[in-house]
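**Student:** Questions regarding the structure given below will be posed in turn.
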Amino acid sequence: MKKLVVLFGLLVPSLVLAAGGSNVHLDKADIDRTDQPSLQRGAQLFMNYCLGCHQTQYQRYQRTFEDIGVPLDLGQENLQLTGEKVGDYMKSAIPKEAAAKWFGAPPPDLTLVARVRGADWLYTYLRSFYVDPNRPFGVNNKVFPDVGMPHVLQELQGVPYDQHEERMIDGQMQSVYVGIKADGTGMLSADEYDAAVLDLVNYLVYLGEPARLEAESIGRWVLVFILVLFVFVYLLKKDYWRDVH
Ligand code: HEC
């Protein structure tokens, strides 16, 4: 019984973390890990809008470029904005202590964030910033309440406002959160913004499991091999049993 209580105690924080501290419905991130153009667009967004604060220091540029199908010289020219060597880990230049002071919390390394939070959470998080004058940067987030991160994609999305609807719940009219709507000043339409975030999430999912792409393509060849082997084994069996009957 005591063990059970301890186990439950260990489990609770991870359950709370998984829920992201709120009960907002998560939208499904319909990503395709084999879609290289999507991964390339995601990488470009990441280098431009995220790497300034968040590093992904467990992954090297070169490996990334090779995996997502970007020639090294093109990658270095267009995606590597920090002047490091192509064999370097992807670090951000921001000093950790200073960042913690500026934002109230240090921007965490994002190499494994997709494995911790999940793709759906990330997809919803990046589309759930909304104007909140009570917060230091003027924005808050529906799935990460009181987050320290500013809305860095505002120039793409526009200024986002949270939308409410009056609904009858338990015989009472209540104001229910139904989503975010941008004011139309962004560079992208609502659909284009969702597509861009999807690319970004696809890239983050790739980062969390870079060997997965390779494993999947090896897996296909293993299946082909087994099929071919099956044909030969079958012929062999027929041959062995021919004289037995
Ligand atoms: C100006 C600095 C800054 C930039 C740029 C930035 N972030 Fe953040 N981000 C933060 C800070 C600070 C936090 C920590 C917030 C907290 O704990 O309250 C954070 C938190 C996060 C988290 C939550 C991590 C977790 O699991 O707790 C994710 C995911 C994230 N950022 C993704 C991104 C992505 C994707 C981009 C690029 C589109 C980006 N960030 C750009 C500062 C930044």
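The values are calculated or read from the model by the stated rules, or taken from the named source; none is laboratory data. Because the structure is predicted, anything quoted here is derived from the model rather than measured. FYI the Cβ positions are ideal-geometry reconstructions off the backbone, even for glycines, and counts take in every protein chain you see. With ligands, DNA and RNA removed, areas are computed over all heavy atoms of the protein, side chains included. Shrake-Rupley method; radii C 1.70, N 1.55, O 1.52, S 1.80 Å.
**Student:** So, with a 1.4 angstrom probe, what is the percent of accessible area on segment 2-209 that is carbon and sulfur?
**Tutor:** The C+S portion of the solvent-accessible surface of segment 2-209 is 56 percent.
**Student:** Under a 10 Å cutoff between Cα atoms, tell me which one of Leu45, Leu207, Leu229 has the largest fluctuation in the Gaussian network model of the chain.
**Tutor:** Leu229
**Student:** In segment 2-209, how many lysine pairs have Cα atoms under 26 Å apart, counting only pairs 8 or more places apart or on different chains? Walk me through the numbers before you get to the answer.
**Tutor:** Numbers: Lys28/Lys142; Lys28/Lys181; Lys85/Lys96; Lys91/Lys101; Lys96/Lys142; Lys101/Lys142; Lys142/Lys181.
So the count works out to 7.
**Student:** Quick one: grab Rg to one decimal and Dmax as a whole number for segment 66-133, Cα atoms only, in Å.
**Tutor:** Over segment 66-133's Cα set, Rg and Dmax evaluate to 15.8, 44 Å.
**Student:** Given the options Val228, Val197, Val147, state which has the largest fluctuation in a GNM of the chain using a 10 Å cut-off (strictly under) for Cα springs.
**Tutor:** Highest fluctuation among the options: Val228.
**Student:** Rounding to the nearest 20 debye, state how big the charge dipole of the chain is about its Cα centre with +1 on each Lys and Arg Cβ and -1 on each Asp and Glu Cβ. Please report the intermediate quantities before stating the final value.
**Tutor:** Values: 23 positive and 30 negative charges, 215 e Å.
For the chain, the charge dipole is close to 1040 debye.
**Student:** Give, in whole angstrom and from largest to smallest, the semi-axes √(5λ) of the equivalent ellipsoid of the chain, with λ running over the eigenvalues of the Cα gyration tensor. Write down the numbers at each step before the final one.
**Tutor:** Values: eigenvalues 340, 148, 84 Å².
So the three semi-axes of the chain are 41, 27, 20 Å.
**Student:** In Å², what does the accessible area per residue of the chain work out to with a 1.4 Å probe?
**Tutor:** Result: 64 Å² per residue.
**Student:** Calculate the FRET efficiency for Lys181 and Asp132 from the Cβ-Cβ distance with a Förster distance of 22 Å, rounded to the nearest 0.05. If you can, show how the numbers build up before the last one.
**Tutor:** Numbers: r = 15 Å, r/R0 = 0.67.
About 0.90, to the nearest 0.05.
**Student:** Still on this structure: Along the Cα-to-Cβ line of Trp241, 7 Å from the Cα, sits a label point; which residues in segment 209-235 have backbone N less than 20 Å from it?
**Tutor:** It comes to 227-235, nothing else.
**Student:** If one takes the longest principal axis of the Cα atoms in the chain, at what angle in degrees, from 0 to 90 and to the nearest 10, does the Cα axis of helix 36-49 lie?
**Tutor:** 30
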